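The values are calculated or read from the model by the stated rules, or taken from the named source; none is laboratory data. Keep in mind the model is a prediction, meaning the values are calculated, not measured. Note that we place each Cβ from the backbone using ideal geometry, even for glycine, and neighbour counts take in every protein chain shown.
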Amino acid sequence: MNYKQLPTITPKQKEIIDLVFKFRFINRHQIQRLFNHKDARRINTWLRDLVNKNYLGRIYSTKLLENTKPAIYYLGNNGIIFIRSKKGEEYQAEYEHLDFKHMKKFYEDKHASQTFINHCVAISEFYTQFKEFERASKQDTLEYDVETKTEMWITKQLHHYPDEDFQEIKTSIPDLYIEKVKNPYNKTLQIETFFLELFDPHVPRYGILYKIKEFIKLKEEGSWKQYAGLDDKFPTIFLIFPHYRKINMVIDKIREQLNGSYESDDITIQTTTYQKAITEKITNNSIWTKIILSSTS
């Protein structure tokens, strides 16, 4: 089936498909909050129709205690076809649609591990928190521009230079790139940029340290400028750990990595736990702790 033969859907349903593409997995409650709908019935009607038309797949358990959790959605086959066409022009793909190789992993999402699903839903939650905070701020005083790992992954795959190793490039891509814009429509405009990375419980110590090493290398080699906002400063790095024990396992080594970098003065790393990020929200400055370098730095 090609794009022109796909079942008819509404503009709002197309927005839902775009959200699912961004995060791979997102739950019904998050979609409802992002659309700012107090009544779930319309959202449920749209979602049911998208599942019936194979634009989306649905994960929902009828087991006791689990049946109170909102359903989780991912791209179905028609959703993938729709995205390949819609995003092709947006990402400046060579043939005006995304090649199969760029979307192959989406066909595998129906068999994704629970760990990966949980990770994606958590990232969806953090994005939702940003957008809710933006909405609650006074009109025209705050905007968040957020790009997900999926979006950055496809952009890099399409546009990296021939002499660049894409396998190496993708290890430095964060879960979220965030550009925070204060007073976007007047002369006092202020820009801040951030990397946000969530470490799952199974990620070993060396995996965490390797990721941070890749972030530091972005600064040292200047390749971070592909993410630069209007302020042209290196993004603040926000790291979310499964618990404080994991932070304590790596914090001294992170300090060593920073002390060993000649760019450490321009690198800021903040840490928190998953529980705090979920319950107190990542827009709450009080949940974050800055990693302070030793006096020998």
Inset, instruction - Determine if region 240-248 includes at least one residue that is modelled with pLDDT of 95 or more and within 21 Å of Glu151 (Cα to Cα). - result: yes
Inset, instruction - Scan region 100-109 for residues that are in contact with a Leu (Cβ under 9 Å, 6 or more places away or on another chain) and either part of a loop (DSSP other than H, G, I, E, B) or modelled with pLDDT of 90 or more (or both) and report the count. - result: 3
Legend entry - Scope region 178-208; condition within 20 Å of the chain's Cα centre (by Cα) and hydrophobic (A, V, I, L, M, F, W, C); matching residues: Ile178, Val181, Ile191, Phe194, Phe195, Leu196, Leu198, Phe199, Val203, Ile208
Inset, instruction - Within region 252-270, work out how many residues are crowded, with 16+ Cβ neighbours inside 10 Å and either of a type outside the set (S, T, N, Q) or more than 16 Å from Lys213 (Cβ to Cβ) (or both). - result: 8
